[in-house]
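Below is one structure, written out as structure tokens, with a few remarks after it.
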Amino acid sequence: MQQHLHNAPLVDKINYSNLIDIVNHLVITMKSSLPNTLFMLMQSYRVTTREAINANDLGLNAMHVRCLHIIAATPQCTANDIVTQTQRDKAQIARLIKELLALNLINKCASEHDKRCFIVSFTASGTALFNKLLSAERQVNEQMCKNLNSTQINDFLNTAQTMIKNMQ
């Protein structure tokens, strides 16, 4: 066997312990680059979207934007709906709603069914900002997916959904 290695071409002279080290290094690199890649993707998405709607000037952060999406998507939206969908504590959501009220982006009125419960909805300013947000998100999505085909996008979405389920 040893003589065979001396006479074999260079490709056949693989040091298997080095190969195992290389494979282990690649696996570790792939695992550590996943969090970095996801973080960079999320950060780029947030920054680009925030810049498009001047969120910094308004004092909005990612949770404000998430709340706006929930209010738009939830008929008769309550603070409890936002708590449930964001999995944040009631006090944090109460502060967010108070901030959105102060910015005149939402209204709050008592529910017809339960006077202890408040319904939040957009003001005209809130509707205008949300429409601007949707337009900005469409532009960011187009930019982000520019050189990807539909199969790549679907594979990414399926993989991301599986990862999300794995984390729950």
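The values are calculated or read from the model by the stated rules, or taken from the named source; none is laboratory data. Because the structure is predicted, anything quoted here is derived from the model rather than measured. Because the Cβ atoms are built from the backbone with ideal geometry, glycine has one as well, and the counts that use them run over all protein chains shown. The accessibility values were calculated without ligands, DNA or RNA, using every heavy atom of the protein model including side chains. Shrake-Rupley method; radii C 1.70, N 1.55, O 1.52, S 1.80 Å.
Details
- Taken over segment 85-110, residues that are loosely packed, with under 15 Cβ neighbours inside 10 Å and acidic (Asp, Glu) amount to 1.
- Residue list for segment 111-163, filter: of a type in the set (Val, Ile, Thr) and open to solvent by 80 Å² or more (accessible area, probe 1.4 Å): THR151
- Comparison of ILE153, ILE119, ILE82 shows that the only residue that is in contact with a strand residue (DSSP E or B) (Cβ under 7 Å, 6 or more places away or on another chain) and β-branched (Val, Ile, Thr) is ILE119.
- Residue match in segment 121-143 (condition: closer than 23 Å to CYS77 by Cβ and assigned to a strand (DSSP E or B)): yes
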